[in-house]
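The values are calculated or read from the model by the stated rules, or taken from the named source; none is laboratory data. Predicted model only: the values in this text are computed from it and were never measured. Note that we place each Cβ from the backbone using ideal geometry, even for glycine, and neighbour counts take in every protein chain shown. Side chains are part of the model used for accessible areas, which takes the heavy atoms of the whole protein and leaves out ligands, DNA and RNA. Shrake-Rupley method; radii C 1.70, N 1.55, O 1.52, S 1.80 Å.
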Amino acid sequence: MSTQLRRAVASSFLGSLIEYYDFLLYATASAVVFGKVFFADLDPALATVASFGTFTTGYLARPLGGLLFGHFGDRLGRKRMLVLTMTLMGVASFLIGLLPGYDRIGAVAPVGLVLLRVVQGIAVGGEWGGAVLMSAEHARTRRGLWAGFTNAGAPSGMVLSTLVMSGTAAVTSEADFLAWGWRIPFLLSIVLLAVGLFVRSRVEETPAFLAARTEQRRRIPLFTVLRDHPRVLLLGVGVGFAAFVVQATLTTFVLAYGVQHGHPRQEVLNALTLSSACAVAGILLWSALSDRIGRRPVVLAGVVAMAVFGFALFPMVRNGSGLLLVLALVIGQGVIHPMMYGPLAALYSELFDTGNRYTGASLGYQLAGLGAGFAPLIFAELQRANGPSTTPVSWTIAAFCLLSAVCVLALRETHRRELTPEATAPEPVRQEGNRA
């Protein structure tokens, strides 16, 4: 492992951890805090829906971030954009920690929350593609594993965010936590930002970009992706969609669902922290396996397993047993979801050429990420309309898994593709005669 690869992997992992600490901290807060702080005048059920609605805006903004930073990342370089995305995320999160609640400034409070969430979405939308490519384009072997460290940053960020949120809740009363305690994890973002920028400054631009940059500046990456790779882009979105629906289900919706069914908030946060830690190992394990047997078999096994497990998840949570709650989250987030999610880092980078890889990978991944933005909102509405039954939610999860399975089967295997500018992209669509 070369020095630059080691630095690139460390930078990508740490950058992803920081970005997702900020982004997923919002998810935790939207489930347990924001409904009471920013939507205090609404019925509790509607306040939960409204809180998840602001959560969704961040995911809606992610494709915009992928387009914006992907364009300039393909033309000016991966490293420059990663410095900008990290700065944008850290500042936005810090400002959320300073934002007054509804009782202080009325309707301005939720509006400000939505605007800052949009900034977060734009930042994380641009971060992922660049971070993955920093590792993938530096790697000569075991690309799935090294790129997988970027995806492992997401649950690592969740572990850190829930630990900080849990620690703050543990040392404050309920009233103090709602009044000011929840702000502390957001304000700490500024410290993480300083550390991340220092690490990222030591990484060099990727060899693949440097070799292709003269040619890249003559093209508009988005037009190239839409003209030359439309089927690949759409199939890539479909492959990742179920993974994001499940991610939001396990880290956001189940969090609120567990509290509603009698689990203490701290117990749910502890279970989420443990399952997120397991997810880090799971992502790296399945990503490494995808280097040996391919991306498609691992992802396909994951979506099939999750389609079945979705029907057991909610009964395990509402049983009331703390042990079953932990088991449900560890199986779902620590074992099955990493199969669907871990190989995506390498897979998306292998679907596109060097001159449009940042744009194509970011756009595909972030459009798929809309599944995570809408899932908690849709599921909250399903519960409001159907009462206590979660069967409609489980069937919805299974339907998204079926969609991803079909898209996985329509793609050719990519794990042996070289990422050098000279390499010719393999036809990734299985149907004979289709060109990407």
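Of all residues in region 395-413, which are part of a helix (DSSP H, G or I), surrounded by 14 or more Cβ atoms within 10 Å (Cβ to Cβ) and touching a Lys or Arg at 6+ places or on another chain (Cβ under 8 Å)?
Once the filter is applied, which keeps residues that are part of a helix (DSSP H, G or I), surrounded by 14 or more Cβ atoms within 10 Å (Cβ to Cβ) and touching a Lys or Arg at 6+ places or on another chain (Cβ under 8 Å), region 395-413 yields Val408, Ala410.
Quick check on region 54-61. Is at least one of its residues at pLDDT 85 or above, in a helix (DSSP H, G or I) and either acidic (Asp, Glu) or open to solvent by less than 20 Å² (accessible area, probe 1.4 Å) (or both)?
Taking every residue of region 54-61 in turn, at least one turns out to be at pLDDT 85 or above, in a helix (DSSP H, G or I) and either acidic (Asp, Glu) or open to solvent by less than 20 Å² (accessible area, probe 1.4 Å) (or both).
Do the conditions hold for Val191, that is, is it without any contact (Cβ under 8 Å) to a residue 24 or more places away in the chain and not aromatic (Phe, Trp, Tyr)?
In short, yes.
Within region 25-39, which residues are under 13 Å from the mean Cα position of the chain (by Cα) and open to solvent by 10 Å² or more (accessible area, probe 1.4 Å)?
none
With the condition kept exactly as written, say whether any residue in region 371-394 is of a type in the set (Phe, Trp, Tyr), in contact with a helix residue (DSSP H, G or I) (Cβ under 8 Å, 6 or more places away or on another chain), part of a helix (DSSP H, G or I) and at pLDDT 90 or above.
No, the conditions are met nowhere in region 371-394.
Would you check if Thr150 is closer than 30 Å to Gly294 by Cβ and either assigned to a helix (DSSP H, G or I) or modelled with pLDDT of 85 or more (or both)?
So Thr150 fits the description; yes.
Filter region 97-116 for residues that are part of a helix (DSSP H, G or I) and in contact (Cβ under 8 Å) with a residue 40 or more places away in the chain and give the result.
Selection gives Gly97, Leu98, Tyr102, Asp103, Ala109, Pro110, Leu113, Val114.
Pro338 passes all but one of (1) at pLDDT 95 or above; (2) farther than 27 Å from Val225 by Cβ; (3) out of contact with any helix residue (DSSP H, G or I) (no Cβ under 7 Å at 6 or more places or on another chain); which number fails?
Of everything listed in (1) at pLDDT 95 or above; (2) farther than 27 Å from Val225 by Cβ; (3) out of contact with any helix residue (DSSP H, G or I) (no Cβ under 7 Å at 6 or more places or on another chain), Pro338 misses just condition (3).
Please work out if Gly167 is under 22 Å from the mean Cα position of the chain (by Cα) and either among the basic types (Lys, Arg) or assigned to a helix (DSSP H, G or I) (or both).
No, not satisfied.
Pick out the one residue from Leu197, Leu160 that is farther than 21 Å from Val268 by Cα and open to solvent by less than 60 Å² (accessible area, probe 1.4 Å).
The match here is Leu197.
Please work out which residue is nearest to Thr141 (Cα to Cα), limiting yourself to region 258-314 and to residues that are among the aromatic types (Phe, Trp, Tyr) and touching a residue at least 40 places away in the same chain (Cβ under 8 Å).
For region 258-314, the residue satisfying everything is Trp286.
Would you pick out the residues in region 290-299 that are buried (at least 19 other Cβ atoms within 10 Å of the Cβ) and assigned to a helix (DSSP H, G or I)?
Passing the criteria: Ser290, Asp291, Arg295, Arg296, Val298, Val299.
To keep it simple, each residue is scored yes or no on (1) in a helix (DSSP H, G or I); (2) closer than 20 Å to Cys407 by Cα.
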| position | (1), (2) |
| --- | --- |
| Gly302 | yes, yes |
| Val308 | yes, yes |
| Leu313 | yes, no |
| Val326 | yes, no |
| Val330 | yes, no |
| Ile336 | yes, yes |
| Met340 | yes, yes |
| Ala345 | yes, yes |
| Phe352 | no, yes |
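For region 54-94, name all the residues that are hydrophobic (A, V, I, L, M, F, W, C) and free of Cβ contacts under 8 Å to residues at least 40 places away in the same chain.
Phe72, Leu76, Leu88
Please go through region 372-390 and give me each residue that is polar (S, T, N, Q) and closer than 26 Å to Val239 by Cβ, ordered by number.
Thr390
How many residues are closer than 24 Å to Ala248 by Cα and open to solvent by less than 50 Å² (accessible area, probe 1.4 Å) when one looks only at region 71-100?
8
Check region 268-281 and report whether any residue there is β-branched (Val, Ile, Thr), modelled with pLDDT of 90 or more and closer than 22 Å to Gly167 by Cβ.
Yes, that holds for at least one residue.
Would a scan of region 237-254 turn up a residue that is out of contact with any strand residue (DSSP E or B) (no Cβ under 7 Å at 6 or more places or on another chain), in a helix (DSSP H, G or I) and open to solvent by 50 Å² or more (accessible area, probe 1.4 Å)?
Checked against the condition, which is being out of contact with any strand residue (DSSP E or B) (no Cβ under 7 Å at 6 or more places or on another chain), in a helix (DSSP H, G or I) and open to solvent by 50 Å² or more (accessible area, probe 1.4 Å), region 237-254 yields no hits at all.
Within region 343-396, can you find the residues that are of a type in the set (Asp, Glu) and either free of Cβ contacts under 8 Å to residues at least 24 places away in the same chain or within 30 Å of Asp291 (Cβ to Cβ) (or both)?
Once the filter is applied, which keeps residues that are of a type in the set (Asp, Glu) and either free of Cβ contacts under 8 Å to residues at least 24 places away in the same chain or within 30 Å of Asp291 (Cβ to Cβ) (or both), region 343-396 yields Glu350, Asp353.
Given the options Ile96, Ile122, name the one that is at pLDDT 85 or above, under 18 Å from the mean Cα position of the chain (by Cα) and over 29 Å from Met339 (Cβ atoms).
Ile122
Going by the structure shown, is Glu137 open to solvent by less than 10 Å² (accessible area, probe 1.4 Å), charged (D, E, K, R) and either at pLDDT 85 or above or within 19 Å of Phe13 (Cα to Cα) (or both)?
The answer is no for Glu137.
Condition first: open to solvent by less than 10 Å² (accessible area, probe 1.4 Å) and over 16 Å from the mean Cα position of the chain (by Cα). Can you find one or more residues in region 271-281 that meet it?
Yes, some residue in region 271-281 is open to solvent by less than 10 Å² (accessible area, probe 1.4 Å) and over 16 Å from the mean Cα position of the chain (by Cα).
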